[in-house]
Each structure stands twice: as C-alpha cells, then as structure tokens.
Amino acid sequence: MTKVLDIPKVNAKNMTEKEFFYGHKACAGCGGSIAVRLALKVLGERTYSALPAGCMSAVGFIYPQMAFNSNAIITTFPGSASMAAGIAAGAKALGQEDFKTVVFAGDGGTADIGFQALSGMIDRNDDVLYICYDNEAYMNTGIQKSGLTPYGTKTTTTPAGQNIPGTVTHKKNLFEIIAAHDIQYAATASIGYPQDFLNKVNKAKHVKGASFIHVYASCPTGWGTPTETSVEIAKDAVDCGLIFLAEYEDGEYKLNRNPKEFRSVEDYLKKQGRFKHMSDADIQCVIENRDKKWERMRKNWL
Amino acid sequence: MKNNKVFISGDEAVAQGVRLSRPHVVAAYPITPQTITVERLSEMVEAGEMDAEYMHVESEHSAISATMGASAVGARTFTASSSQGLLYMAEGLHYCSGGRWPVVMMNANRSVALPWSIYGDQRDSLSLLDSGWIQVYVEDAQEALDMIIQAYKIAEHKDVLTPMMVNLDGFILTHTYELVEIPDQEMVDHFLPAFETPNKMSFENPKNLGFSSRPDDNTEFKYQQNEAMFNAIDVIHKTDKDFADMFGRKYHGMVEEYMCEDADVVLVALGSVCGTVRVVIDKMRAEGKKVGLLKIRYMRPFPVEEVKDLAKRVKAIGVIDKDISFGYEGTVYTNVNSAISQIDKYVFKSNFVGGLGGRDITKAEIEDMYNKLYAGLENKSEETVEFFSLNVESND
Amino acid sequence: MKEIRWHGRGGQGGFTASRLLGIAASVHGGKHALAFPSFGPERRGAPVLAFTKIDETKIHDRSEVQESDFVVVMDETLIVPGFEKGIKPGACVLINTQDVSQYAEQLKDFELKGIDATSLAMEVLGRPITNTAMYGALAAASGLVSKEAAIASIHTEMKPKLAQLNEQIVEKAFELMNN
Amino acid sequence: MSRPKHTEYQIPQHINDYPTGPQYDAGFLPEKNAGWRTFKPVVNHDECIYCLRCYLLCPDGTIMKDNGKIKIDMDYCKGCGVCAHECPKDAIAMEKE
C-alpha cells in the first residue's frame, strides 16, 4: 500500500471542479449525498460506482434523469459488493488499468442484507472500495430500524410506545466486524468532519484490494432535524462521542480523534425528533454504553 | 478435422464448452450435481488453459451478481448452478434479463427441497421460466458442450442480448461419462466472435445502468425484452445452421422430431429422457405402432409454431413432465396445451408427471404411456393428468 | 447392448474401472459407451455401484441398468442377500476372491469367475487397490474390449508413472484369466 | 465541463427510440430541481472570504468556483440552507423565493 505521506492531499481548493453526482432527487440537506459527492470527487473520472437499493440509487437513476456523471449501476440489494467485485474483475480481464470501483450502500444494504456479499468481497480481497453511508435506519422505505439504528431511536418499526420502547439494541459494531476480516484498510468517518473523510477516501483510493469506509451521514427527514443542520449534527455526533473516528490499517487500530471532554449527549439527542421521547434513564444507558466503548478503544487503540 | 474424442462427463463437457468460449469472468458457487464443472474450470484457469478471472464467490446470489457486474463492463461471463442455488439466484435471474446482460449459465437440473433431494428433476429451472432467460434443455454431453458455445452466440446477438441457461439433467447427464468430440479452438474462435454490446459502462462513453423507470416507461422496457426473446427464435435457427456447417452437428433449433412424419401418437419431453423414449419408439415401431417423439429443446422462447404444426398432424399427444405445478399440472404440459389450443382440432392429450427427485423413468413406463394414449384416443377420452410412477396406491 | 455392473466400496476405484472400460470400448474400440456411478454423494467405505453400457451404436437409453450382462465384485464382502437382483440369468459374475467355488451354490444362476486381485495388486502396487486388476480380469474374461484397448485406456486416463504400474496389472490379470 | 447541464429529452415515439435495456448516458439531466426551493441562498460577496466550505458541503454540488468568487447553479439548488448555516462569515442569506 502507498504510504500515506506519498499521497497528495485532496481538499476544497485543489479537488476537481467536476461534479459526478448532480441533479439527483435526494431530500434537501441529505447527508448521504454529501458523502457520495465528495467521495466521487476524490476518486475522479475513472470510477465505476455500484449502488444497491437505497436512497442514493433511488434518487440518482430515475429514467431519464441520470444523476451520476460517471459510470454507475444499481445492483441487486444483497449483492452490491459482489456486483462491484464483478465489475472490477471484468474490467481487469478486459485489460483496463488505473480505475477504481466503489460501492455506496446504506446501513441496511451494508450491515444487514448486503453483509454476506461484503464479507465475501473482503475475504477475496477484491479491488473495491466499499463506502457505507450510515443514516441509521432504512430511510428509503420510510425510516425503519436497521442493524445500525442506535439505542432508543424511534422509527416506523420501533414506534417508542409501551410494548416497543423505541430501538432496544445498540448499533452493530460494524467497523470492528469489518476489521476482523483483516482487511487492508478500514475507517470510520463523518460528513461533519469532511476533510477527514476526504483523506480517508483518498487513502482507500490507493489501496489495491478491498477497503472499507463507514461514514456517518445525517438524514434530516428520518432524524427530524432542520435541513440546514445536516453537517452540524453529524459533527455533534462525533463531538459527543457517540460516533468515533478511527482507522484500521496494517493490522492496527488507530483512534484519530480522542477528545479530552465530550460534548453533551443529551443536547445531541434532543436536537432530533427521533430521540425526543427518550427518558433520562434511556440517555444514561446511551452514555454508559459510550463510555464502555471509549474505555476499550482508549485502552487498545492508542 | 483432427479426431479429438474424449470420454468425459456432462459436467466436464460443459467446462470444455466454457473454456472454448473464452469467458473473461467465471463466478459460480458449487452445488451437487454441478460442482465438477466449477472444479474443472478452476483447474483450467490454474493450468493456464483458460485466461479468465475465476471468482470464489460466497453464494449463488453473489455468483449471478458478480457475472452481471462483469457483463456490465462488457466482459463475457459464465456461471453455473442447480436446484436451491438456482432459486437463491432467482432475484438475479430476473435482474440479469431485465439488465439485458447476456450471461451464460449452466444449470444441472435437480429437484427442489423439501424433502431434500440432490437427484434430478426439472422443477428448479421450470419454476423460473418467467425470469426472462432463454432456456435450452440438452439430451447428452455433446449437446451440452455444443450448446454452451451456441449459447454465447445466441445470447450476445445484438437483437437478443438476453441471458441463456443451458439445462442438463442432474447425474443422468452431469455424472455420466460418454464419448464427446472437443471442437477445435480456432474454429470456435471463428464461430464465436468477441462480445460487443452497447449496454455497458466504459470510460469512453460513461453510462448509468440498471436505472429505475416510472410507470410511463416500464411497459416499454418489458415489451423490448419480450421482443428480444422472440427475436431469439431466428437467431437460434441460424446459429444451429452455422454450427452444423462448421462442426457437422445439427440440433434442429427449437425442437427435434423423432419418427413424427407419419406418427399417430407422440410423446413430448425435455432433456435426457428423450433418449430412452427413442429406444422405446424403435421397439414399438418394429411392432408396427406409429409412435413418435417431440423433443422440446427450448422452453423459452417456446416453440409454439412447432407444437401447433405437430398437433395438426397427429392424433394424440402425451407430455412427460419431470415437474409439477401443484394444484394444476406439469409446466411443460401447460405450455404445450396452450399452443395446441390455438388450432381447431381434437387431439387426445395426456400429462405424465414423474421422474421426480431422481426416480428412474423406465422403458416399460414409457411404453405404457404410448399405450394409454392409444386407449384414450380410441375412447375419445377427456385429457388426463397423472403421476405415472407412484410406488403405492393413491386415493384417485 | 452390454451392461456391466461394478460393486466396490467408496474409494476403491470401482467408478474409475467402469470409466476405463468405457474409454477402452469407445475411444480405443470404436464402439459407444456410457459410464456412471450410482448417483449420490460418495462416502469412503460405503458400498457403491458403478455401471458401464457398451453398444455398437450411439446409446440413447438413459434409464437405470436393470439387467446386467456382467457383474464385477471388487470386494467379496459385498455379496449380500439381494445381490442377484438385476443380473441376467447366465450372466458372468467376476469376483475378487481366493476361492470362487464357495459361491457356487449361492450364485448358481450365473457363470462365476474368480481372481485374487488383492494379491495381484499387492504384488505390483504394494497396496490393495484392486480396481485395475478387476478391470483387466473383466476385459480378459468378457472380450468386451481387447487387451490393447484396455492398456490404451489406462494410458489415456492415468499419469505416465501410475499408468506403467497399472499396465503391468492388466497384463497379469489377462495372464491369470487366460490360464 | 465541470457539471452536467439541463438537457432536453426527446420523448420516445417508437419502441426503438428506447435504449436496449436500462442504460443511458451518464449525467443526462432533463429535469431541474429548482422547483424544490422555498428559500434561496444569496451570497454577499463583500463578506465572503472564499473559504469554500459551502462548496465542499453542498449536498447537491451546486456551488462552483467562478474567478475567485463562488457561484450557485440555481437550476439544481434545493434551498436546503447548509451553505448558509455552515458559512463562517454569515455571508450567505436564505431568502424567500
């Protein structure tokens, strides 16, 4: 793998002027589309994008409006990783060089229905960058619980009443599950820290083989937040410690951000309609879970 | 042509056909009785006899997804499956035909659980007749090899661009060794040119593929797909002729008739049982009975004209179905019947359902079918549907 | 058409023998042949059957073998009640045994032949792998294929080193059966 | 060209006018998204320090660089307000359409 220092940094000043995800029909203020747009600007023209069912495919390819301004394809829902692997293999077999294949899949398409294919893709070390834009529920079908929906969340299948008191499980530990494959490069990111995300995509671009980025991407529609705060809320999530920024590289974990103090979890939660119903006890449970996680990360990853 | 005859199994014959067709990407998940095919292909790649990307996919769903991905950049692809594996691919089968990606697949016909059975019948592929794939059924290992090569030519034809499934009966064909002539690579290269398609992503001409359509357009895309399937009929005939001209083996396109010119009573069947039927016909013909066989080769597109033409000439038609659409009748029978209903003539019809889960179909049973057809004809009976090989008494 | 049934245990090479016969008859004998195992998962040690069909013309009949003309028993412990089913009266039954006379009563409807294939295999290979010995013996006893075709099939199927040893076995099996 | 432009779509009259299967030119945009807006961003170029944070974070990529100034493609701006909210100099105001 190319050493990080050798890779010229991509930022707002020097990135390509070209837009590759344009004219799409995503909700106003969509965090997922920020992730897709920025990643494609780093990856550049010679990119094949593969997207399973999910918001980004649903809003990008409605005939005749083709919002991907480079090669892109909608894949089978459970098979985005394998279809991308097929693209990479086919292009290689045809003698193509100097191209990248990328998947943009939601949390459901990644941690749930698409997981088997993703695991196979990493196991084979197929030359694919898999980006999971995590908006913490099945948003395309109208906000249902996924394996990455956090504790307490109210969704249309976890209605936060007497019998189903919102989501009762914590997020699946996707990053470490991916890292446990001994993948060459995996990272977490948030659209609230865009330069960090750009750097990670840039690093993954230069991996020959499988790489993975789990990017936290807000959804104003599903989260009950104003459209203009999409970036801010994704930053808050990191600052209050519920989302962490880390990398797994050469068999080692690395915690990219280790704040001395976290900002208020309660403030973060109370800004969002999906958490409005949560009791003090619920919030306490979220905080305890956060602290346990950080204790472990600080002990093992620093 | 130099004599290149080898003694190999149906699975191995398929692998040879694939090798000669030079796919760029092979992605398949092993399942009995298809496994030998994928093993041989990996050996060929290992030995450098085949220059293909061999993908060790973790499931059938990923096998079909990967082949579609590769086809979407213009690569020639191959996959193979059977039974539960084919059903696990079902989403991808519809996806692939809708995407107009001419993936070629071998399916080893095997029964479908439950109860579990690794043995042969045709319930797997026949349950997916509506998935938009061209489906051909072969009778022996040579035909299996030849049809893999032909499949690429048919599927990739610009007027067709539709995936194709080559079906061979599990064990009876996949695991039986027989004499097979291996065509010459140069001749295959001449017969089967490189794959060209407008339906691909490229850096010269970037595209968005697999998009969604609104109700305003969806019917048109499906109309096109149906049109392509009908276009395949001419392409199938032409390919069969070109193949015969070059390799000397002719398969007669959509169907093959055996002893039907003057026949009164005819059985219709798919796949390997046709061979056994031929043997019974020879015996009964020697006894003066005017019996014949219509071997249906293609279930999709369906040989409507051929079936109608036959029905006009004969008095009774029986259909052997190694499948059952529960609550109705065999699927082949439904299709044949629908074609026969288009002509204005009384034909006595009967459906013989059997050979399920690997049950042998004997010569005596086939002779019995012909005799039942004669009896039904004599009595001017209504059509009948029966399970012909129950080992126990039934409630009927 | 001639139909041959092979009795062996999983791993003993009965199916290989059935294929060798098919190769000899078709590739090297100008006839047509089919060879197939008893269908199903193969388990080491389990009793298994294999079949060869040989004919002058292309073989269309894909139904199971019902009336065998020749039966080869690679391991005499496989002769169990019901063994006789599906064998033509007067058919040749070839058994790997030191004493074939012990089966004279039990298998009286058939023409019995015996060969001590285990000793032959031990002598040449140093291991009790009896499939090619039984194959050679059947070829010699039946005349289904010539000795030349039988030996040629060994070379078609096997790598040179192994083929050389097995050629010796087939030669010896012919000698034993013709004596 | 840095971003695709609105293009006229010829409504098919014959079945052959459709592409063979679901495939079409990348970046083909017959529809605009301007109608989605209630508020529109208005840039105060005197306040703008050209830090490009808005350019970076626009979910629709509608902000472009134009000779040292930012410019917004109003055909595709949905009026979400991220640019205005994230501007460190409050140089973008959201005004009613």
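The values are calculated or read from the model by the stated rules, or taken from the named source; none is laboratory data. In this text, all values refer to a predicted model and were calculated from it rather than measured experimentally. Backbone-built Cβ (ideal geometry, glycine too); neighbour counts: all protein chains shown. Keep in mind that these areas ignore ligands, DNA and RNA; they rest on the heavy atoms of the full protein, side chains included. Shrake-Rupley method; radii C 1.70, N 1.55, O 1.52, S 1.80 Å.
A few comments on the model shown:
- For the stretch B:252-314, the set of GluC sites (Glu not before Pro) satisfying both a DSSP loop assignment and a count of at most 15 other C-beta atoms within 10 Å is given as B:Glu261, B:Glu287.
- Per-atom-type breakdown for the protein assembly as shown gives carbon and sulfur 50% of the accessible area (1.4 Å probe, protein chains only).
- Summed side-chain charge close to B:Met259 - residues other than B:Met259 whose Cβ falls under 14 Å, Lys, Arg +1, Asp, Glu -1: 0
- Positive end of the dipole of the protein assembly as shown (Cβ unit charges, origin at the Cα centre): among A:Ala204, C:Thr16, A:Thr47, the Cα lying farthest that way belongs to A:Ala204.
- Estimated FRET transfer efficiency (B:Asp242, C:Glu171; beta-carbon r; R0 56 Å; 0.05): 0.70
- For the residues C:Glu42, C:Glu167, B:Glu186, a 1.4 Å probe over the protein chains yields an accessible-area ranking, largest first, of B:Glu186, C:Glu42, C:Glu167.
- Of C:Arg62, C:Arg43, C:Arg127, the one that fluctuates the most in a GNM where chain C has Cα springs shorter than 10 Å: C:Arg62
- Shown for the stretch D:43-75: residues covered by the partner protein chains by 20 Å² or more of accessible area relative to the chain by itself (probe radius 1.4 Å), namely D:Leu52, D:Arg53, D:Tyr55, D:Leu56, D:Leu57, D:Pro59, D:Asp60, D:Gly61, D:Lys65.
- Here the simple spin-label model places points 7 Å from the Cα toward Cβ, and for B:Leu390 and C:Ser146 these points are separated by 5.5 nm.
- Once both labels are positioned 7 Å from their Cα atoms along Cα-to-Cβ, the gap between A:Lys293 and A:Asp250 label points is 2.8 nm.
- For the stretch B:5-247: accessible area per residue (Å², 1.4 Å): 31
- Where a label projected 7 Å from the Cα of D:Asn67 along Cα→Cβ would reach, residues of the stretch D:1-27 with amide N under 18 Å: D:2
- Take the Cβ atoms of B:Arg313 and C:Lys85, set R0 to 45 Å, and the FRET efficiency comes out at 0.55.
- Each of B:Lys5 and B:Gln185 was given a label point 7 Å from its Cα along the Cα-to-Cβ line. The distance between the two points is 2.4 nm.
- Placing a label point 7 Å from the Cα of B:Asp159 along the Cα-to-Cβ direction, the residues of the stretch D:1-43 whose backbone N falls under 20 Å of that point are D:14-21.
- When the accessible areas of A alone and B alone are added and the area of the pair subtracted, with a 1.4 Å probe, the result is around 3000 Å², both sides summed.
- Selected from A:Pro165, A:Pro64, A:Pro52 as most flexible by GNM, with chain A as the system and alpha-carbon contacts under 10 Å: A:Pro64
- Ligands, DNA and RNA aside, A:Tyr248 has an accessible area near 10 Å² when probed at 1.4 Å.
- Computed over the stretch B:5-247: relative contact order in percent, which uses C-alpha pairs under 8 Å that are six or more apart: 25
- Mean Cα-pair separation over length for chain D, i.e. relative contact order, pairs under 8 Å, 6 or more apart, %: 32
- The stretch C:2-178 shape via C-alpha gyration tensor axes, a/c threshold 1.5: rounded
- Among C:Phe70, C:His32, C:Met134 the positive-end extreme of the charge dipole of chain C (Cβ point charges): C:His32
- Result for chain C in a Gaussian network model with C-alpha springs under 10 Å: among C:His32, C:His60, C:His155, the largest mean-square fluctuation is at C:His60.
- Extreme residue, positive dipole direction of the protein assembly as shown, given options A:Ser190, B:Ser212, B:Met55 (C-beta unit charges): A:Ser190
- Stretch in chain B that is longest and holds no trypsin sites (Lys or Arg not before Pro) that DSSP places in a loop and that have at most 14 other beta carbons within 10 Å: B:3-157
- Loop-located GluC sites (Glu not before Pro) in the stretch B:188-222, at most 15 other Cβ atoms within 10 Å (DSSP): B:Glu196, B:Glu204
- The mean accessible area for residues of chain A, using a 1.4 Å probe and ignoring ligands and nucleic acids, is 35 Å² per residue.
- Annotation for the stretch A:229-302: GluC sites (Glu not before Pro) lying in DSSP loop with at most 12 further Cβ atoms inside 10 Å of their Cβ are A:Glu261.
- Under 12 Å, Cβ to Cβ, from A:Lys292 - net charge with Lys/Arg +1 and Asp/Glu -1: +2
- At least 40 Å² of accessible area lost relative to the chain alone, listed for the stretch B:1-50 with a 1.4 Å probe: B:Phe7, B:His24
- Relative packing of B:333-342, B:262-271, which averages over residues the other C-beta atoms within 10 Å, highest first: B:262-271, B:333-342
- B:His252 exposes around 90 Å² of accessible area when a 1.4 Å probe is run over every protein chain in place.
- Buried area at the D:A interface is about 3300 square angstrom, summed over both chains, from accessible surfaces computed with a 1.4 angstrom probe.
- Given R0 = 56 Å, the distance between the Cβ atoms of C:Ser101 and A:Thr169 translates into a calculated FRET efficiency of 0.15.
- Mean partner shielding of peptide A:33-45, defined as the number of other chain Cβ atoms within 10 Å of each residue Cβ, is 2.
- Cut-off 13 Å between beta-carbons: net charge of the residues surrounding A:Ala180, Lys and Arg +1, Asp and Glu -1: -2
- Association of chains C and B removes close to 1900 square angstrom of accessible area from solvent, both sides included, for a probe radius of 1.4 Å.
- To the nearest ten degrees, helix A:80-93 and the longest principal axis of the Cα atoms of chain A are 20 degrees apart.
- Size of electric dipole in the stretch A:148-226: Cβ of Lys, Arg +1 and of Asp, Glu -1, about Cα centre, debye, nearest 20: 140
- Reachable lysines, given that their alpha-carbon falls under 21 Å from the alpha-carbon of B:Lys200 and they are not under 8 places away in the same chain: A:Lys92, A:Lys100, B:Lys153, B:Lys158, B:Lys222
- With all protein chains kept in place, the per residue accessible area of the stretch B:255-387 amounts to 38 square angstrom at a probe of 1.4 angstrom.
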